[in-house]
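One structure is given here, and the rest of the page talks about it.
The values are calculated or read from the model by the stated rules, or taken from the named source; none is laboratory data. Small disclaimer: the values here were computed from a predicted structure and weren't measured. Cβ placement follows ideal geometry from the backbone for every residue including glycine, while neighbour counts extend to all protein chains displayed.
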Amino acid sequence: MYPKTIRKLIEIFSEFPGIGEKTATRFVFFLLKQKKEFLKKLIENLENLASQVKFCAFCKKTTEKEFLCEICENPTRDLTKLCLVSKEQDLEAIEKSGVFSGLYFIVGEISSVSQKELEKINIEEIRERIKNPKKFGVFANFKEIILAFDFTVKGRTLSIFIEKKIKDLPVKISKLAMGLPLGGELEYSDEETLKSAFEKRE
């Protein structure tokens, strides 16, 4: 049996998404082989992660700023468009493509298409950001809401669910065009595919 400290670290790494006990064990023994300088640097950055990284008051993107992230506080962004995404990795992929210059809101992910999972999505948070962005420090006047979710069963279900919940608001609701392949995830889409999906949205 491994020493207690090693067992505890294996347990912690096993909690990471997609990481089983065997992979977690390899992580621990990899760390054991590293120089102390590497471990000190790792510990320092983990401490910084806990103490310095926050979530933007408007879009929920990670930031080291006190209130709004770099995107939400940028006055040159298009303050008439709001793009809803499931996770920050999708936001980063869209930003990298350069096809969208509006603001974002990260609604969260669902693990299945059950009603119970869908009800975990805080619809009121979405509606408040559309109706009253100034409440969150953003002086926007949204005219278009873009539903940018994965072209998967979960993504399509989430898109339909949210659209039904906000369709009474005085804004245009659009979805990405079928530039993404069926089953495709935004996070892994190339820039040209994302550009096409945004430009041909309807």
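Among (1) within 27 Å of L68 (Cα to Cα); (2) within 18 Å of the chain's Cα centre (by Cα); (3) assigned to a helix (DSSP H, G or I), where does F100 come up short?
Here F100 clears every test but (3).
For residues that are polar (S, T, N, Q) and part of a loop (DSSP other than H, G, I, E, B), scanning just segment 61-84, find the one that is surrounded by the fewest Cβ atoms within 10 Å (Cβ to Cβ). Outline the logic, then answer.
Keep residues of segment 61-84 that are polar (S, T, N, Q), which gives 62-63, 74, 76, 80.
Next cut, part of a loop (DSSP other than H, G, I, E, B) only: 74, 76, 80.
Values: N74: 12, T76: 6, T80: 14.
Among those residues, the one meeting the criterion is T76.
Run down E192, E199, E144, E185 and say which single residue is surrounded by 17 or more Cβ atoms within 10 Å (Cβ to Cβ), at negative phi and not aromatic (F, W, Y). Steps first, answer last, please.
On the way: E192 fails: surrounded by 17 or more Cβ atoms within 10 Å (Cβ to Cβ); E199 fails: surrounded by 17 or more Cβ atoms within 10 Å (Cβ to Cβ); E144 fails: surrounded by 17 or more Cβ atoms within 10 Å (Cβ to Cβ).
The conditions single out E185.
With respect to I94, determine if the residue is within 16 Å of the chain's Cα centre (by Cα) and within 27 Å of S189 (Cα to Cα). Full working, then the answer.
Details: within 16 Å of the chain's Cα centre (by Cα): yes; within 27 Å of S189 (Cα to Cα): yes.
Considered against the rule, which asks whether it is within 16 Å of the chain's Cα centre (by Cα) and within 27 Å of S189 (Cα to Cα), I94 comes out as yes.
Do you know which of the residues in segment 122-141 that are within 22 Å of L176 (Cβ to Cβ) and in contact (Cβ under 8 Å) with a residue 60 or more places away in the chain is surrounded by the most Cβ atoms within 10 Å (Cβ to Cβ)?
Checking each candidate, the answer is R129.
Go through (1) crowded, with 17+ Cβ neighbours inside 10 Å; (2) touching a Gly at 6+ places or on another chain (Cβ under 8 Å) one by one and return the number of the condition I110 breaks.
(2)
Taking G102 as meeting all but one of (1) in contact with an Asp or Glu (Cβ under 7 Å, 6 or more places away or on another chain); (2) of a type outside the set (A, V, I, L, M, F, W, C); (3) at pLDDT below 95, write down the number of the exception.
Checking G102 against (1) in contact with an Asp or Glu (Cβ under 7 Å, 6 or more places away or on another chain); (2) of a type outside the set (A, V, I, L, M, F, W, C); (3) at pLDDT below 95, the one that fails is (3).
For every residue, the table says whether it meets (1) at pLDDT 95 or above; (2) under 12 Å from V107 (Cβ atoms); (3) in the same structural domain as T80 (by TED's automatic domain parsing).
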residue: R127; (1), (2), (3): yes, yes, yes
residue: K131; (1), (2), (3): yes, no, yes
residue: K135; (1), (2), (3): yes, no, yes
residue: K143; (1), (2), (3): yes, no, yes
residue: F151; (1), (2), (3): no, no, yes
residue: G155; (1), (2), (3): no, yes, yes
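Restricting the search to segment 122-165, which residues are more than 14 Å from K60 (Cα to Cα), under 18 Å from the mean Cα position of the chain (by Cα) and part of a loop (DSSP other than H, G, I, E, B)?
A148, F149, D150, F151, T152
Can you list residue pairs whose Cβ atoms sit under 6 Å apart, with the first residue in segment 42-66 being on the phi < 0 side of the Ramachandran plot and the second being charged (D, E, K, R) and assigned to a helix (DSSP H, G or I)? Count only pairs 6 or more apart in sequence or on different chains.
K61/E88
Only one of these conditions is not met by E119: (1) closer than 21 Å to K60 by Cα; (2) modelled with pLDDT of 95 or more; (3) surrounded by fewer than 15 Cβ atoms within 10 Å (Cβ to Cβ); (4) acidic (D, E). Which number is it?
Every condition holds for E119 apart from (2).
Looking only at residues that are among the hydroxyl-bearing types (S, T, Y) and in contact (Cβ under 8 Å) with a residue 60 or more places away in the chain in segment 73-114, which one is nearest to E144 (Cα to Cα)?
Within segment 73-114, the first condition is being among the hydroxyl-bearing types (S, T, Y), and the residues that meet it are 76, 80, 86, 97, 101, 104, 111-112, 114.
If we keep only those that are in contact (Cβ under 8 Å) with a residue 60 or more places away in the chain as well, we get 80, 86, 97.
Values: T80: 6, S86: 18, S97: 20 Å.
For segment 73-114, the residue satisfying everything is T80.
Counting only residues that are closer than 12 Å to D90 by Cβ and assigned to a helix (DSSP H, G or I), which one in segment 168-196 is modelled with the highest pLDDT? Quick ask: steps written out before the conclusion?
If we filter segment 168-196 for residues that are closer than 12 Å to D90 by Cβ, which is where we start, we get 176, 180, 184-189, 194.
Add one more test, that the residue is assigned to a helix (DSSP H, G or I), and what stays is 186-188, 194.
Values: L186: 81, E187: 81, Y188: 80, L194: 86.
The extreme case among them is L194.
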